Amino acid sequence: MSHQRTNDEADRPEVERAVLAYLERHPDAADTLDGIVSWWLPQQRYEIERQRIEQALGHLVALGRLRCDRLPGGDVLYALNRSDPPAVH
């Protein structure tokens, strides 16, 4: 199990870069986890990696790079935190 956790943690920066790169190209974008998995990152093999994407989004929120808003139905909407423009490394 710890080997899987290490792989997940190693992949997180790649997912974070992909999310921030998308937001750099589309700064007004905002979407739920499902939308991000299906529309923002589909060509990057992330459709099956929902948990990793969710962890990366949570980390970006914790860093203040993204903001998240809970919608009335319970879904969470992620968007660029305008007070911290994305820097893609």
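Details
- Any chance TYR22 is outside any strand (DSSP E or B), surrounded by 18 or more Cβ atoms within 10 Å (Cβ to Cβ) and modelled with pLDDT under 90: no
- Segment 72-89 residues that are at pLDDT 85 or above, paired with ones that are surrounded by fewer than 13 Cβ atoms within 10 Å (Cβ to Cβ) and not in a loop (DSSP other than H, G, I, E, B) (beta carbon under 8 Å, 6 or more apart): ASP75/ASP34; VAL76/ASP69; VAL76/ARG70; LEU77/ASP69; LEU77/ARG70; ALA79/ASP69
The values are calculated or read from the model by the stated rules, or taken from the named source; none is laboratory data. Computed from a predicted structure; not experimentally measured. For neighbour counting, all protein chains shown are included, and Cβ atoms are generated from backbone atoms with ideal geometry for every residue, glycine included.
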